[in-house]
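Participant: Let me begin by handing over the structure; questions about it come next.
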Amino acid sequence: MAPRGGIKCKVCDNKLGKGLRIQCNAKCKRWFHGNCIDEKKETLKKIEQGKLKYKCKSCSKTEVKARSKDSSSENESSSQSEESSSATEEDDEDPEKQNTLADVMRKLIKMEKQNKELIKKYQRQEQINQELREEIEILRQDQQKLKDAIKTTSHKTNLTDQEHLENNVIISGIAEDDLKNPNDEKKIVVKIAKFCDVDINEADMEKCYQIGNNGKKQIKLVFRDKEKKELFMSKRKESQITTKNLKLT
């Protein structure tokens, strides 16, 4: 029911005018300006649309006091809830709570999606790491093989060098005039072997070259066969041949 002319707001004591006017739905039936009562805009809109019934604070306090005399401790908590609110909503839930819950659900869904993406990234990175570990292991094995090969080659080289040393023969006291022409060294060795009754030719010599300074020279001979070298040295010792009693030229 619309208010009669001249009715004043019970809060500011001014005439109601043409703005939003709200009547207490409880015992007092007094009128108020919409701006004068302490309610949210959403609540005022629902009262104006008839979705909520307004109860002024005075009536709310009176009802609370009346119920507190006869009610139990359970009703006391209910009355405190009613005292804190001057408007009671019928049927519908609070839309702010619904919006808040929807926001929370959206955030949870978004976080779950991000979490799945992070798990996928972690799994991809872990796969890459595993591939790198396998490649590193292959490189380590290849490195070890290379070290073993170098060690084996070095050992074989040492054995070869040792064999060369064992097959070496140094012939001293050779006159410089006897080594004027190429291959004179091999001819001298063949001549010495023949004198010692040992069958040696140039094919039995791996290396044969002269060493030493001016004057007396030396011939360094490397036999291909160790047995040939030992036979040459043995016969040479038995014959007691020297460069003095051997006419080279």
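Participant: Once all Cα-Cα distances of the stretch 167-239 are split into 10 Å bins that start at 0, what whole-number percent is in each one?
Facilitator: Calculated P(r), rounded to whole percents: 20, 56, 23, 1.
Participant: Residue separation times 0.36 nm, minus the C-alpha to C-alpha distance between ILE138 and GLU166: what's the value?
Facilitator: 5.9 nm
Participant: Given the stretch 188-227, what count of lysine pairs have C-alpha atoms under 19 Å apart, with each pair 8 or more places apart or on different chains?
Facilitator: Count of close lysine pairs: 10.
Read the figures in this text as sums done on the coordinates, not as results from a lab. It should be emphasised that the depicted structure is a prediction, and the values quoted were computed from it without experimental measurement.
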